[in-house]
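K.L.:
Structure below; questions to follow.
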Amino acid sequence: MARSPSKVVDGQTRPAPPSRFQSKALALLVVALIVWSVVTIDVDLERLIDLPARLGDSIRRMFLPPDWGYTGRAVEGMIESIQIAWIGTLIGAALSLPLGFLGAKNVSAGPVSSIIRQILNGIRAIPELVLAVVIFIPILGLGPFAGTMAIGIHSIGTLGKLTAEVVEGVDPGPVEAARASGASQVQTLRWGVLPQVLPDIVAFWLYRFEINIRAAAILGIVGAGGVGAILQNTLTFRRWELAGTTVIVIIIATIAIDYVSAAVRRRIIEGGAHRQRADVIEQPELAVT
């Protein structure tokens with residue numbers, strides 16, 4: 001008897017699990033890709049075996065002990081990186097919001113949506129490091145401004161794509177109600193779509209801010225300001241204890257910001273659900289369909 005292409009689990013149709021032959025073929029393909037990658041990139045096994053010892057020596061030089069007197073300078077650089085990430089995120093958020101709406105197929109016409117999607121994909125395909133080195137540092141010079149622009153432009157692609165996907169998944173009920181009341185296209189988007197998607201979009205902005213902090217630290221290594229420039233200088237002059245202090249500051253600041261941002265994002269996303277549950281409790285007839 002032929003295997004069913006799908007099955008129903010908890011009321012949902014799900015694809016059937018792969019056959020034994022398909023599983024073995026996939027495993028062989030993965031192994032072949034790993035072997036091909038190792039051979040192609042010419043891995044030096046001797047250096048790979050020696051890696052743990054070298055890594056341990058670097059850790060010993062940097063953190064046993066670090067130079068705590070350098071903490072103030074490292075904190076200054078970290079604050080600059082946070083500022084770069086924050087302004088870059090604001091640029092990306094402001095420009096990605098309209099582009100995300102234009103890229104949503106249920107908001108704009110088919111050709112317009114497709115063109116905007118391809119533009120966003122093209123922006124996302126260029127890393128911040130390339131934008132900084134190839135475009136903004138030659139134009140704007142070394143410093144945090146170039147890093148800010150590189151992060152802001154790259155953020156447009158990711159945030160715009162996420163915004164478009166969220167807009168495409170809105171509940172059509174409020175949109176149809178707004179149109180039935182005679183609202184214009186802009187008014188429909190403002191009152192029928194934006195309230196539904198704004199919590200998720202703001203959560204995406206905060207998550208992108210976390211990512212941009214790491215990107216800002218990397219961009220400093222190529223001269224785009226921030227704590228990365230300090231780390232690059234300490235490593236260039238073999239001041240391992242200063243580099244260790246800088247790395248500790250980066251780790252602590254990143255963990256703290258991630259924790260706060262995650263808490264805020266969770267509160268934003270769950271806030272809508274809490275409000276909906278409160279409405280049902282206060283008005284039980286809303287739960288009856």
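The values are calculated or read from the model by the stated rules, or taken from the named source; none is laboratory data. Model, not experiment: these values are computed from the prediction. All Cβ positions, glycine included, derive from the backbone under ideal geometry; neighbour counts span all protein chains shown.
K.L.:
Test of understanding: among Thr148, Thr89, which residue is within 20 Å of Ala229 (Cα to Cα) and either assigned to a helix (DSSP H, G or I) or of a type outside the set (Gly, Ala, Ser) (or both)?
P.N.:
Numbers: Thr89 fails: within 20 Å of Ala229 (Cα to Cα).
Of Thr148, Thr89, the one residue that is within 20 Å of Ala229 (Cα to Cα) and either assigned to a helix (DSSP H, G or I) or of a type outside the set (Gly, Ala, Ser) (or both) is Thr148.
K.L.:
Any chance the stretch 228-237 includes a residue that's closer than 22 Å to Met149 by Cα, within 18 Å of the chain's Cα centre (by Cα) and polar (S, T, N, Q)?
P.N.:
For the stretch 228-237, residues closer than 22 Å to Met149 by Cα, within 18 Å of the chain's Cα centre (by Cα) and polar (S, T, N, Q): absent.
K.L.:
Could you tell me how many of the residues in the stretch 184-220 are within 20 Å of Thr89 (Cα to Cα) and not basic (Lys, Arg)?
P.N.:
The qualifying residues number 23.
K.L.:
Mind checking which residues of the stretch 247-284 are polar (S, T, N, Q) and either at pLDDT 85 or above or part of a helix (DSSP H, G or I) (or both)?
P.N.:
Initially, the stretch 247-284 is screened for residues polar (S, T, N, Q), giving 254, 261, 276, 283.
Result: Thr254, Ser261, Gln276.
K.L.:
Among (1) touching a helix residue (DSSP H, G or I) at 6+ places or on another chain (Cβ under 8 Å); (2) under 24 Å from Leu95 (Cα atoms); (3) in contact (Cβ under 8 Å) with a residue 12 or more places away in the chain, which single condition is Glu168 missing?
P.N.:
It is condition (1) that Glu168 fails.
K.L.:
Give the residues of the stretch 59-91 that are more than 18 Å from Ala253 (Cα to Cα) and over 30 Å from the mean Cα position of the chain (by Cα), sorted by residue number.
P.N.:
Listed by number, the residues that qualify are Arg60, Arg61, Leu64, Pro65.
K.L.:
Considering only residues that are among the hydroxyl-bearing types (Ser, Thr, Tyr) and either under 30 Å from Val222 (Cα atoms) or part of a helix (DSSP H, G or I) (or both), which ones fall in the stretch 98-139?
P.N.:
Matches in the stretch 98-139: Ser113, Ser114.
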